[in-house]
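There's a structure below that I have some questions on.
The values are calculated or read from the model by the stated rules, or taken from the named source; none is laboratory data. This is a predicted model, so every value here is computed, not measured. Note that each Cβ is placed from the backbone with ideal geometry, even for glycine, and that neighbours are counted across all protein chains shown.
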Amino acid sequence: MRKVSAFAALCLLANPIVWANTSLTLDRQGVLWQVSSTPYGLLLEGLREGEVVVRTVVPFPLGGNGVSDSHLQLAVDDLTGKVVVAWQRNWAATLSSVMLAVWNGESWERVAYLNEEINANPRNPVLRIARASTALEPSQEASESERVCDSFAFLVWWEGRGASQRLRFAALDLKRSTSDEGLQVYDLPTSPGLGMNCPQPLPADTVERPLFASEPPGPASRLLAASPNHCFLYVFEISLQLEPPEQGPGKAEGGLGVTAQRRRHTPIFGVRKVLPVTRELSAEGTRAVLGADLQPVLYRVLPEGVEYTVATEQGWSAKRLLKLENGLTLDRAIALVENLAR
């Protein structure tokens with residue numbers, strides 16, 4: 001079963017003050033990474049068995065009163081060992097930027113704006129790592145096949161107002177994260193171009209918070225996003241596919257083109273499913289689980305239990321509450337709800 005979940009915010013002690021705006025992740029080397037919002041900017045720390053192995057501030061200070069950072073996102077890529085930080089820099093109530101930074105071992109190798117206009121109010125960024133590995137056919141010069149392995153940082157966010165709202169997507173090739181060609185930004189369409197508009201506008205919490213799948217990094221990533229003008233929920237699939245071989249400027253014997261060895265994966269976009277969405281399906285604090293049939297189970301954790309709704313071919317079920325009672329713990333309740341995905 002393939003599963004998805006939205007982002008989750010966690011609180012922890014960031015020496016020596018508790019910051020509510022914090023994100024955590026654990027890598028395979030046992031390092032617990034955390035990024036926290038401080039009055040001086042973003043603080044990245046790595047801890048192994050309680051010992052600090054990395055402590056560094058993202059080289060992009062707040063720079064003024066009233067400026068703040070929110071929606072912190074953090075991911076570690078096992079292939080390159082790089083740590084990726086993404087966040088929303090809030091300049092004023094409706095002026096913001098979506099930022100991306102990459103830590104590589106001992107230094108920050110990239111800090112970048114991902115949007116052109118701060119008055120477009122880019123908001124609610126969500127980050128994930130994607131990875132692909134493809135074996136090439138053996139060449140005449142090599143007896144064994146070559147394998148091309150790439151990893152990407154994918155970031156999605158919402159921006160704009162009214163009729164100019166749009167879903168934005170960035171793909172950073174982590175092997176080429178310092179080069180201009182390593183970062184590409186796209187628009188993802190959330191309008192089918194036909195059909196009727198919603199009888200009533202959907203709430204902002206429904207359309208402005210796209211959800212990434214929290215499955216293991218692989219060649220395919222799934223994304224849930226709602227349309228602001230049509231009552232639809234789209235299930236996008238972003239797959240990494242190897243570019244076709246490039247032909248070099250020279251010619252080999254016999255007039256054949258010389259095949260360049262510099263090949264890489266690139267993202268390909270498609271819509272896998274379109275579902276109706278109602279005003280009751282808020283994405284605020286919501287997690288989504290997808291099974292093989294791509295029918296989402298949406299849920300959120302409440303003090304008294306887990307509230308959830310299930311998509312079917314006939315529409316969405318009524319909201320239900322799985323209460324934490326009779327010995328049922330929260331982790332068990334979440335597992336039971338996620339198992340509803342098929």
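A quick yes/no check of all residues on (1) touching a helix residue (DSSP H, G or I) at 6+ places or on another chain (Cβ under 8 Å); (2) surrounded by 14 or more Cβ atoms within 10 Å (Cβ to Cβ):
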position	(1), (2)
Ala130	no, yes
Phe152	yes, yes
Trp157	no, yes
Gly162	no, no
Ser177	no, yes
Gly182	yes, yes
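Restricting to the range 162-189, give me the number of residues that are assigned to a strand (DSSP E or B) and closer than 22 Å to Arg209 by Cα.
Going through the range 162-189, the residues assigned to a strand (DSSP E or B) turn out to be 166-173, 183-188.
When the remaining residues are screened for being closer than 22 Å to Arg209 by Cα, the result is 166-172, 184-188.
Of the residues in the range 162-189, 12 are assigned to a strand (DSSP E or B) and closer than 22 Å to Arg209 by Cα.
Test Thr178 against the stated conditions and say whether it is under 20 Å from Trp87 (Cα atoms) and either modelled with pLDDT of 90 or more or β-branched (Val, Ile, Thr) (or both).
On the way: under 20 Å from Trp87 (Cα atoms): yes; either modelled with pLDDT of 90 or more or β-branched (Val, Ile, Thr) (or both): yes.
In short, yes.
Of the conditions (1) touching a residue at least 60 places away in the same chain (Cβ under 8 Å); (2) in contact with a Pro (Cβ under 8 Å, 6 or more places away or on another chain); (3) of a type in the set (Gly, Ala, Ser), Ser221 satisfies every one except a single condition; which number is it?
Every condition holds for Ser221 apart from (2).
I need the full set of residues from the range 1-55 which are modelled with pLDDT of 50 or more and in a loop (DSSP other than H, G, I, E, B), in order please.
Residues of the range 1-55 modelled with pLDDT of 50 or more: 21-55.
Of everything in the range 1-55, those that are modelled with pLDDT of 50 or more and in a loop (DSSP other than H, G, I, E, B) turn out to be Asp27, Arg28, Gln29, Gly30, Val31, Pro39, Tyr40, Glu49, Gly50.
Out of curiosity, is Ile129 more than 16 Å from the chain's Cα centre (by Cα) and β-branched (Val, Ile, Thr)?
Numbers: more than 16 Å from the chain's Cα centre (by Cα): no; β-branched (Val, Ile, Thr): yes.
No, not satisfied.
Right, something else. Checking the condition part of a strand (DSSP E or B), at pLDDT 80 or above, in the same structural domain as Lys175 (by TED's automatic domain parsing) and not charged (D, E, K, R), which residue from Leu202, Leu233 passes?
Working: Leu202 fails: part of a strand (DSSP E or B).
Answer to the selection: Leu233.
Could you tell me whether Lys82 is in contact (Cβ under 8 Å) with a residue 40 or more places away in the chain, more than 28 Å from Asn229 (Cβ to Cβ), touching a helix residue (DSSP H, G or I) at 6+ places or on another chain (Cβ under 6 Å) and among the charged types (D, E, K, R)?
For Lys82, the condition - in contact (Cβ under 8 Å) with a residue 40 or more places away in the chain, more than 28 Å from Asn229 (Cβ to Cβ), touching a helix residue (DSSP H, G or I) at 6+ places or on another chain (Cβ under 6 Å) and among the charged types (D, E, K, R) - is met.
Determine which member of the set Arg287, Arg263, Arg279 is at pLDDT below 90, within 24 Å of Arg147 (Cα to Cα) and surrounded by 13 or more Cβ atoms within 10 Å (Cβ to Cβ).
Arg263
Conditions (1) surrounded by fewer than 22 Cβ atoms within 10 Å (Cβ to Cβ); (2) in the same structural domain as Ala132 (by TED's automatic domain parsing); (3) modelled with pLDDT of 80 or more, marked per residue:
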| position | (1), (2), (3) |
| --- | --- |
| Gly193 | yes, yes, no |
| Asn197 | yes, yes, no |
| Leu211 | no, yes, yes |
| Pro217 | yes, yes, yes |
| Ser221 | no, yes, yes |
| Leu224 | no, yes, yes |
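Considering only residues of the range 95-110 that are over 15 Å from Pro125 (Cα atoms) and touching a residue at least 24 places away in the same chain (Cβ under 8 Å), which is nearest to the chain's Cα centre (by Cα)? Break it down stepwise before answering.
Just the residues of the range 95-110 that are over 15 Å from Pro125 (Cα atoms), to begin with: 102-110.
From what is left, the residues that are touching a residue at least 24 places away in the same chain (Cβ under 8 Å) are 102-105, 108-110.
Values: Val102: 15, Trp103: 18, Asn104: 20, Gly105: 22, Trp108: 20, Glu109: 20, Arg110: 18 Å.
Among those residues, the one meeting the criterion is Val102.
Still on this structure, please answer the following. Would you pick out the residues in the range 54-89 that are aliphatic (A, V, I, L, M) and over 27 Å from Asp150 (Cβ atoms)?
Selection gives Val57, Leu62, Val67.
Quick check on my filter: what residues within the range 290-324 are within 11 Å of Leu275 (Cβ to Cβ), surrounded by fewer than 14 Cβ atoms within 10 Å (Cβ to Cβ) and either of a type in the set (Gly, Ala, Ser) or under 21 Å from the mean Cα position of the chain (by Cα) (or both)?
Within the range 290-324, just Gly315 meets the criteria.
When you look at Gly66, is it among the small types (Gly, Ala, Ser) and farther than 21 Å from Leu24 by Cβ, yes or no?
Answer is yes for this residue.
State the number of residues belonging to the range 98-114 that are surrounded by fewer than 20 Cβ atoms within 10 Å (Cβ to Cβ) and at negative phi.
At the first step, the residues of the range 98-114 found to be surrounded by fewer than 20 Cβ atoms within 10 Å (Cβ to Cβ) are 104-113.
Next, from what is left, pick out any that are at negative phi: 104, 106-113.
Qualifying residue count for the region: 9.
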